[in-house]
Each structure stands twice: as structure tokens, then as C-alpha cells.
């Protein structure tokens, strides 16, 4: 499982101009099952996405397609972790520790 942390690198008016494209991008990845939760950070200096993917290169490639990235309005910090304990709703994404 992955935590994608976005940090805005431009004024909010530039971020807001790209928000419709970013939201469409989010919807695409919710539909394909990659994204599990997302939202703005408080204070509003970026956002967080909880995601699942087979490996880090896949998640890095997905993050690179966020419309915020080529426009240079946000950067990503990606943290991978093993979700060994999960709420019932996330049971399909429960992971086991390597042997």
C-alpha cells in the first residue's frame, strides 16, 4: 500500500485552475481500484492519497500523470508500507510480512 503526499509548489490560484483535471484523474484511478481514499491536507498546502498497486514503479508512473505534475504546481512524496492490520472495509488489501 502507498501513501502519496502532494505538496503544492505554486500559488493556490494556479492549483485551482487545474483542479477539474486533477479531480478527473482521481476519478479514473478510483474507478480502476488504485485509489482508496484522498483529500486535502489541513492547512491546504497539498493533499493525501491512499493507494494500492503491484509495486512502487507503477505508483510512481501513475503519480507522474497527475495534471498537477507536468504543470509544476505540486510535487509527490511516496511512502510504501505493508498494511498488515486493516479495517474490515480494507480487508481485500491486507498484506502479510515477507518471510
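Only the coordinates and a few stated rules stand behind these numbers; no lab work does. Just so we're clear, the structure is a prediction, and the values are computed from it rather than from any experiment.
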| message | As I understand it, the value is the acute angle between the Cα axis of helix 12-31 and the longest principal axis of the Cα atoms of the chain; what does it come to in degrees, rounded to 10? | response | 30
| message | Given bins 5 angstrom wide, list per bin the percent of all Cα-Cα distances in the range 2-93, short to long. | response | 3, 13, 25, 26, 17, 9, 5, 2
| For the range 10-61: rounded, prolate or oblate by the Cα gyration tensor [a/c cutoff 1.5] | prolate
| request: Would you mind pulling out the separation of the Cα centroids of the range 1-41 and the range 76-99, in Å? | output: 21
| query | For the chain, what does -39500 (n - 2.57) per DSSP helix run (n ≥ 4), summed and divided by total residues, give at 222 nm, in deg cm²/dmol to the nearest 500? | reply | -9500 deg cm²/dmol
| For the range 2-93, what relative contact order do you get, as a whole percent, if you take Cα pairs closer than 8 Å and at least 6 residues apart? | 43
